[in-house]
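The values are calculated or read from the model by the stated rules, or taken from the named source; none is laboratory data. These numbers come from a predicted model, not from an experiment. A quick note on method: Cβ atoms are made from the backbone with ideal geometry, for glycine too, and the neighbour counts reach across all protein chains shown.
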Amino acid sequence: MRRSEFLRAVEGEFGARAESLTHDLVLGGLGRTAREALDAGVPPREIWLALCDEADVPPARRYGVGRLDPRER
């Protein structure tokens, strides 16, 4: 997962709450916010999965998100 895919996935899953979740929610598995983790070089996929765990996102909505459909590029 790339950083851009992570940001699309967060926006797609959390909508209007995406910005506040990435800036304010400290992820238990990482000990920092998603933005802090991104800035520290933590792989976006690891951050996405930690955010999903923290927010109780169902497993069915965790995988393959954030990718652009090749026809949309």
*Would you be able to say whether some residue in the stretch 6-22 is β-branched (V, I, T) and touching a strand residue (DSSP E or B) at 6+ places or on another chain (Cβ under 8 Å)?*
yes
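Residues checked against (1) polar (S, T, N, Q); (2) closer than 15 Å to L7 by Cβ; (3) modelled with pLDDT of 95 or more:
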{"residue": "A34", "(1), (2), (3)": "no, yes, yes"}
{"residue": "L38", "(1), (2), (3)": "no, yes, yes"}
{"residue": "G41", "(1), (2), (3)": "no, no, yes"}
{"residue": "R45", "(1), (2), (3)": "no, yes, no"}
{"residue": "W48", "(1), (2), (3)": "no, yes, no"}
{"residue": "D53", "(1), (2), (3)": "no, no, no"}
{"residue": "P59", "(1), (2), (3)": "no, no, no"}
_I need the full set of residues from the stretch 33-62 which are surrounded by 17 or more Cβ atoms within 10 Å (Cβ to Cβ) and touching a strand residue (DSSP E or B) at 6+ places or on another chain (Cβ under 8 Å), in order please._
T33, A34, A37, I47, A50, L51
